[in-house]
1. Out of 276, 285, 239, which single residue is exposed (fewer than 15 other Cβ atoms within 10 Å of the Cβ), farther than 27 Å from residue 46 by Cα and either among the acidic types (Asp, Glu) or touching a strand residue (DSSP E or B) at 6+ places or on another chain (Cβ under 6 Å) (or both)?
2. Taking the options 267, 276, 253, name whichever one is among the acidic types (Asp, Glu) and more than 26 Å from residue 300 (Cβ to Cβ).
3. Specify the residue that is farthest from residue 41 (Cα to Cα); the eligible residues are those in segment 167-184 that are of a type in the set (D, E, K, R) and surrounded by fewer than 18 Cβ atoms within 10 Å (Cβ to Cβ).
4. Being part of a loop (DSSP other than H, G, I, E, B) and within 31 Å of the chain's Cα centre (by Cα) is the filter; apply it to segment 350-365 and report the residue that is farthest from residue 316 (Cα to Cα).
5. Taking the condition assigned to a helix (DSSP H, G or I), over 16 Å from residue 186 (Cβ atoms), in contact (Cβ under 8 Å) with a residue 24 or more places away in the chain and assigned by TED's automatic domain parsing to the domain that holds residue 148, does residue 99 pass?
6. Do we have residue 56 as of a type in the set (Asp, Glu), under 27 Å from residue 11 (Cα atoms) and surrounded by fewer than 15 Cβ atoms within 10 Å (Cβ to Cβ) here?
7. Counting only residues that are hydrophobic (A, V, I, L, M, F, W, C), touching a residue at least 40 places away in the same chain (Cβ under 8 Å), touching a strand residue (DSSP E or B) at 6+ places or on another chain (Cβ under 7 Å) and surrounded by fewer than 21 Cβ atoms within 10 Å (Cβ to Cβ), how many does segment 367-415 have?
Amino acid sequence: MIGGVAGQTMKAEIIAIGSELLTPDHMDTNSLYLTQKLNEAGFEVGLKSVVGDNADDIENLLRAALRRSQLTVLCGGLGPTEDDLTRVATARALRRRLALHEEILEALRRRFAMRGHRMAKINERQAEVIEGAEILNNQVGTAPGMWIEEVGVFLVLLPGPPRELRAMFESQVLPRAIRLGSQRRLKQMSLGLHGLPESEVDTRIAPIYGRYPQIQTTILAGKGCVSVRLQRWVAPGEEPSDLEELAGKIHTELGDKVFTTTDERLEEVVGRLLREARRSLAVAESCTAGMVASTITRVAGSSDYFRGGVICYSNELKADLCRVPHELLGQHGAVSAEVAEALARGVRELAHSSIGLSVTGIAGPGGGSEQKPVGLVYIGLADEARCIHTRRIFPGDRETVRELATSLALGHLRRFLMPTEEAA
């Protein structure tokens, strides 16, 4: 196989190697990056696998991959230690020899010498190359990659560290993949939603996307937001007008629950609205303890509109910094509509901002009651003309409640800033 044809989608597969990826402490982010890049090159990623540092498991998985995919990308397991088994397992699967490559070995020695170290013998493993492989130079780290053709299908070995993998893929793998991939390309559109559960989104839009069977529609739920992703493969020169048509119909159906059609994050949309309105913001946070401020300031240039925030867990700080009256706290409690509104007013005055935003709630696992259960959250919003609140009870553990409260706060701030939106 020299390359794909216009009417054929090429299949790719990703195998992430490393026992740490099978624990709750590490996430396989390489596969997300590789999927995007392989789609751009004309490959449809049909399968992703994660396998531990076991040579037999890697070998068996690779043998199956070579039977079903035109391109298989392995990432990880190319280091110098005993558990770096990708080279050995791949050589066994291909029934090829592993040989020490003198030029790579010498380059490794020079690199260690430049750092003032003597190379340990164990590092010689990184100079072992599978018979017939093209070497992919590693300009960032020490482990080289490999490009291998095996009876009309192709195999890529890449190092696991994302910085090394991305540099190698961009410069040496992507050009090869583009030459091999089909001329078809994956076109995508997405809509970001806030304020509707996943089930309601699907109920409302299923009759619409059901009329477009050629388009793959996926509904993804996140922390407080829902994403509707539309995608299909298009031939060279084909304009996927049906994608825009479907996206437009979904947007019309869901109205202002759609906060983006351009992959903006909710905090980016809020920042843009604040900047366009030439308004500033300050926040007072209790149960979220700075998560709202942290999320807002992820956006470059947020200092144009964000004045600052107060983390006021104690009633004393709510009163002293945000000017919440003691009698209000005593009568209604810190987690109440009255205190949420007072916090929003108070932080706005404290920071001399256009808008004040507050969050107060019970994140748990303790502290709840029958009247005020764990998960209860109030959001307050105030400007020169309005002061409103929103009440929600969220399920989940402490971190989930805090994340959902942060998303709720940003979602209601967006609606507060929309010129046609009534206070809600």
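1. On the way: 285 fails: exposed (fewer than 15 other Cβ atoms within 10 Å of the Cβ); 239 fails: farther than 27 Å from residue 46 by Cα.
Testing whether each residue is exposed (fewer than 15 other Cβ atoms within 10 Å of the Cβ), farther than 27 Å from residue 46 by Cα and either among the acidic types (Asp, Glu) or touching a strand residue (DSSP E or B) at 6+ places or on another chain (Cβ under 6 Å) (or both) leaves just 276.
2. Being among the acidic types (Asp, Glu) and more than 26 Å from residue 300 (Cβ to Cβ) holds for just one of 267, 276, 253, which is 253.
3. Result: 170.
4. The initial filter retains those residues of segment 350-365 that are part of a loop (DSSP other than H, G, I, E, B), namely 352-354, 362-365.
Filter again for within 31 Å of the chain's Cα centre (by Cα), leaving 362-365.
Numbers: 362: 17, 363: 20, 364: 21, 365: 23 Å.
Checking each candidate, the answer is 365.
5. Values: assigned to a helix (DSSP H, G or I): no; over 16 Å from residue 186 (Cβ atoms): yes; in contact (Cβ under 8 Å) with a residue 24 or more places away in the chain: yes; assigned by TED's automatic domain parsing to the domain that holds residue 148: yes.
No, not satisfied.
6. Values: of a type in the set (Asp, Glu): yes; under 27 Å from residue 11 (Cα atoms): yes; surrounded by fewer than 15 Cβ atoms within 10 Å (Cβ to Cβ): yes.
Yes: the conditions hold for residue 56.
7. Count: 1.
Every residue, every condition in (1) under 25 Å from residue 179 (Cα atoms); (2) in contact (Cβ under 8 Å) with a residue 24 or more places away in the chain, yes or no:
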position: 25; (1), (2): no, no
position: 43; (1), (2): yes, yes
position: 50; (1), (2): no, yes
position: 55; (1), (2): no, yes
position: 70; (1), (2): yes, yes
position: 77; (1), (2): no, yes
position: 87; (1), (2): no, yes
position: 94; (1), (2): yes, yes
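The values are calculated or read from the model by the stated rules, or taken from the named source; none is laboratory data. The structure displayed is predicted, hence computed values, not measured ones. Here the Cβ is made from the backbone with ideal geometry for all residues, glycine too, and neighbour counts use every protein chain on show.
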